[in-house]
Amino acid sequence: MIDPRFYYKAVLHTDGSGRVTTGMAYQTLKDGRLRAVKWSAPRGAWEYAPAIVSPYLYDPEYQERAEQIDRSTAERLSREFLQSELPDERILTEMFDEGQRMGWEFGPPRQ
């Protein structure tokens, strides 16, 4: 089963400036598995990569740089800092389903 709620995080730059370096959207499954996408600056795209998102949710070393935000804040920060539109929740669900099906724990294969 899937927790139907979507959650969002902004990851802040290590210099303390408050600049956002990436964004994340995720869901948790009832069995504890994670479905998540993150902004990939090198690719200029959102990609399914729960293994990369996981430390920002569960590892105290990374958590201090990740800020829980709501959907409207995630949309604004995506436009402002990432120059991207955050996919709507229907598209996020499709990305989660495809990423899970393809086994892309660290993102899609690099070309």
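The values are calculated or read from the model by the stated rules, or taken from the named source; none is laboratory data. All values derive from a computational prediction rather than experimental measurement. Here the Cβ positions follow ideal geometry from the backbone for every residue, glycine too, while neighbour counts run over all protein chains shown.
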Matching residues, the stretch 84-111, being within 16 Å of VAL11 (Cβ to Cβ) and at pLDDT 95 or above: SER84, LEU86
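State all residues of the stretch 58-83 that are closer than 18 Å to THR14 by Cβ and either among the hydroxyl-bearing types (Ser, Thr, Tyr) or surrounded by 12 or more Cβ atoms within 10 Å (Cβ to Cβ) (or both); if no residue qualifies, say none. Working first, answer last.
Step one: filter the stretch 58-83 for residues closer than 18 Å to THR14 by Cβ, giving 59-67, 77, 81-82.
If the condition is that a residue be closer than 18 Å to THR14 by Cβ and either among the hydroxyl-bearing types (Ser, Thr, Tyr) or surrounded by 12 or more Cβ atoms within 10 Å (Cβ to Cβ) (or both), then TYR62, GLN63, ARG65, ALA66, GLU67, LEU77, PHE81, LEU82 are the ones that fit.
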Pairs under 6 Å by beta carbon, first residue part of a helix (DSSP H, G or I) in the stretch 91-108, partner at pLDDT 95 or above, six or more apart or different chains? LEU92/ALA25; MET95/VAL37; MET95/TYR48; PHE96/ARG35; GLY99/TYR48
Are there any pairs with C-beta distances below 7 angstrom linking a residue in the stretch 5-33 that is touching a residue at least 12 places away in the same chain (Cβ under 8 Å) and assigned to a loop (DSSP other than H, G, I, E, B) to a residue that is among the aromatic types (Phe, Trp, Tyr) and surrounded by fewer than 20 Cβ atoms within 10 Å (Cβ to Cβ), with the two at least 6 apart or on different chains, and if so which? ARG19/PHE81
